[in-house]
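One structure is given here, and the rest of the page talks about it.
The values are calculated or read from the model by the stated rules, or taken from the named source; none is laboratory data. Quantities reported herein were computed from a predicted structural model and do not represent experimental measurements. Neighbour counts run over all protein chains shown; Cβ positions are idealised from the backbone, glycine included.
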Amino acid sequence: MPTLLEQMRAEMGLTARAGHRPAWRVEAADDNFTWVFDGERAVGLICRREDVFELRCHGPCGDCPPAVLPKHYHIVSYEGVRIIFTWRLGGRAGARLSSTLDTTVDGETVRIVCRQAFADGTCSRTTLRLRFDAAWDAYVVDAEAVLDARRVTTALEFCNVLPAGIGDSRPGRERYPLTCWSHPCGLRKMLKNPLWFCSVGAADYDGEKQVAQGGFLGFGPDPRMNPVVEIVHTDPACGAMTCDNLQDEHLMVRPAEGRHAAASGWCHLEACYRLFSVPTALAEEIARRATLMTPGAMLAWKFQYPPIPELPADLAGVELPGSPFRGAFDWSRPVPWDRPFNGRLWTASPDPRAAIHYDRTVGHGVPGSIRLRADGGELAFGPASGHTLHTEAGQRYRFSGWIRTRGQVTGWIAACDMLFRLGDGREFASPQVGPDSDWTRVAAEFVARGDDAPFADTILHARGVGEVWFSELAFDLV
């Protein structure tokens, strides 16, 4: 029986070009990376240490990046769409005792098999088969993930999918405005808005983000590549959860029920899926037909950066400040729930009793600020959701704003560069303001280092006893 995507392809009259016979070969780049070539085209890249496979192009007729290993392999250097293809158990099965990965060429297919064993006896096997599909005129990865586990009481992730450029915040680099999937009740789509990433709906793998058997989850529309994960079969049923930072999708199977235990008492879970790229015209049609996801309220635990106990009982439509990737932060208006917001979300509590408070009544020039209350120590706060702030090598950036203090407290702002996460780079601090100071403008500047620190972050600081307000902040290219 045709899948939903195959039915849509037929309805639209999309036909493939002339056939193609791949000339597969596998070549180890070093002890971690392995290239998969079709002739001279570097179609796939395997990262053994991270259990990653990256499909680097749509098909034999599209552009394919050259086989050049980046200095650091992460979201900045992905070229196509990457998947983490092993079960993610989160320590539930104890330490991982062994992991093997074998890659072979078998005629017109490249076969990748990963086997893992864990301390409590749990074992998994994931098999990937890379081939050319003439009907799609595309490279396709057929995946089968099997897990035999001692005990399964929670949903488990069998695949993590992230397309290159979805979170690139540099001007002109952003891609993939929508995440789309086939819910059992019809096509759904999710806007690019960090409020939605943090919502009940985005984490509802058993409801709003459920993916129908024979359906798919994908990203687009995009002129170069529109990756989809097509669900052939999973047992238990599956759904997805959105990362509130990278916007990758965690594909999950529901918690196992009694029927998933074999006569031996071991739980058996399986997921079969396909990874490939659909034509742009089909991605556009999916976006046109899909209805918007119902995000629901914001999840309270998303305020964990840092913990904020004072929160409203109902977080539906909660009002929070946001910042664009470049330019002035307008905190006189909260991030909108009903349209895209391409920026970062600051999870300051709307409750004035909180140590970190979104103050809609105080600001420099116009009302709107974040107020930190320090109680003798140092308090630091930055954005908690939305895509990472990217920088361009050799460019100078300025983080600036206005600070007011009340009490025996000082406040300052800082820009940080980083390779992977906050704390692994340098911090560039502004002059400190306080104690008991009226509005004062401050700034911090740095020059981006490129590959060794391609990201930046913006942090607010308070130290002492008292309150500090931050208003009219901006992050600019100098």
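Results for (1) under 17 Å from E249 (Cβ atoms); (2) of a type outside the set (K, R), shown as yes or no for each residue.
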{"site": "T109", "(1), (2)": "no, yes"}
{"site": "R125", "(1), (2)": "no, no"}
{"site": "F158", "(1), (2)": "yes, yes"}
{"site": "G165", "(1), (2)": "yes, yes"}
Open item on the list: Quick check on F118: is it touching a Gly at 6+ places or on another chain (Cβ under 7 Å) and of a type outside the set (S, T, Y)?
Closed with: yes
TODO: Using the structure shown, decide if A297 is outside the structural domain of L147 (by TED's automatic domain parsing) and over 30 Å from D120 (Cβ atoms).
DONE: yes
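Which is touching a Cys at 6+ places or on another chain (Cβ under 6 Å) and at pLDDT below 95, of V152, V211?
V152
Just to confirm my filter: which strands (runs of 3 or more DSSP E) fall fully inside the stretch 222-313 and include at least 1 residues that are hydroxyl-bearing (S, T, Y) and in contact with a Lys or Arg (Cβ under 8 Å, 6 or more places away or on another chain)?
Because the criterion is at least 1 residues that are hydroxyl-bearing (S, T, Y) and in contact with a Lys or Arg (Cβ under 8 Å, 6 or more places away or on another chain), the strands (runs of 3 or more DSSP E) in the stretch 222-313 that meet it are 238-242.
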Open item on the list: in the same structural domain as L130 (by TED's automatic domain parsing) and assigned to a strand (DSSP E or B): is that true of V43 in this structure?
Closed with: yes
Open item on the list: For L275, only one of the following conditions fails: (1) surrounded by 19 or more Cβ atoms within 10 Å (Cβ to Cβ); (2) not assigned by TED's automatic domain parsing to the domain that holds L128. What is its number?
Closed with: (2)
Open item on the list: Can you tell me how many residues within the stretch 75-110 are of a type in the set (K, R) and out of contact with any Asp or Glu (no Cβ under 8 Å at 6 or more places or on another chain)?
Closed with: 2
Open item on the list: Please list, ordered by residue number, the strands (runs of 3 or more DSSP E) wholly in the stretch 371-478 having 1 or more residues that are of a type outside the set (S, T, Y) and crowded, with 22+ Cβ neighbours inside 10 Å.
Closed with: 396-418, 440-447, 455-477
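Anything in the stretch 314-334 that is assigned to a loop (DSSP other than H, G, I, E, B) and within 16 Å of T458 (Cβ to Cβ)? List them, or say none.
Matches in the stretch 314-334: L320, P321, F325, R326, F329, D330, W331.
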Open item on the list: Considering only the stretch 364-387, I want to know if a residue exists there that is of a type outside the set (A, V, I, L, M, F, W, C) and in contact with a Pro (Cβ under 6 Å, 6 or more places away or on another chain).
Closed with: yes
TODO: State all residues of the stretch 70-99 that are closer than 27 Å to L389 by Cα, in contact with a strand residue (DSSP E or B) (Cβ under 6 Å, 6 or more places away or on another chain) and among the aliphatic types (A, V, I, L, M); if no residue qualifies, say none.
DONE: V81, I83, I84
Open item on the list: Testing L14 on (1) within 30 Å of V152 (Cα to Cα); (2) touching a helix residue (DSSP H, G or I) at 6+ places or on another chain (Cβ under 8 Å), one condition comes back false. Which one is that?
Closed with: (1)
TODO: Can you tell me which residue among F197, F216 is aromatic (F, W, Y), crowded, with 21+ Cβ neighbours inside 10 Å and over 20 Å from P236 (Cα atoms)?
DONE: F197
Task: the stretch 29-51, subset aliphatic (A, V, I, L, M) and buried (at least 19 other Cβ atoms within 10 Å of the Cβ), residue farthest from D133 (Cα to Cα) - done: I46
- [ ] Being within 16 Å of L89 (Cβ to Cβ) and surrounded by 19 or more Cβ atoms within 10 Å (Cβ to Cβ) is the filter; apply it to the stretch 242-259 and report the residue that is farthest from the chain's Cα centre (by Cα).
- [x] A256
Task: Extreme residue, farthest from the chain's Cα centre (by Cα), among residues of the stretch 60-115 that are of a type in the set (K, R) and either over 12 Å from T127 (Cα atoms) or not assigned by TED's automatic domain parsing to the domain that holds P227 (or both) - done: R96
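What number of residues within the stretch 337-347 satisfy the criterion of being touching a residue at least 40 places away in the same chain (Cβ under 8 Å) and assigned to a loop (DSSP other than H, G, I, E, B)? Reasoning before the result, please.
Pass one, the stretch 337-347, residues touching a residue at least 40 places away in the same chain (Cβ under 8 Å): 337, 339-345, 347.
Filter once more, so that each one left must be assigned to a loop (DSSP other than H, G, I, E, B): 337, 339-342, 347.
Summing the residues that are touching a residue at least 40 places away in the same chain (Cβ under 8 Å) and assigned to a loop (DSSP other than H, G, I, E, B) in the stretch 337-347 gives 6.
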Task: Which listed residue is in a strand (DSSP E or B), modelled with pLDDT of 95 or more and in the same structural domain as L55 (by TED's automatic domain parsing), from L217, L195 - done: L217
- [ ] For A164, work out the one condition from (1) surrounded by fewer than 21 Cβ atoms within 10 Å (Cβ to Cβ); (2) at pLDDT 95 or above; (3) within 22 Å of L45 (Cβ to Cβ) it doesn't fulfil.
- [x] (1)
Task: Only one of R48, R25 that is assigned by TED's automatic domain parsing to the domain that holds V229, touching a residue at least 12 places away in the same chain (Cβ under 8 Å), under 16 Å from Y139 (Cβ atoms) and of a type in the set (K, R) - done: R25
- [ ] Look at the stretch 73-93 and say how many of its residues are in a loop (DSSP other than H, G, I, E, B) and among the hydrophobic types (A, V, I, L, M, F, W, C).
- [x] 6
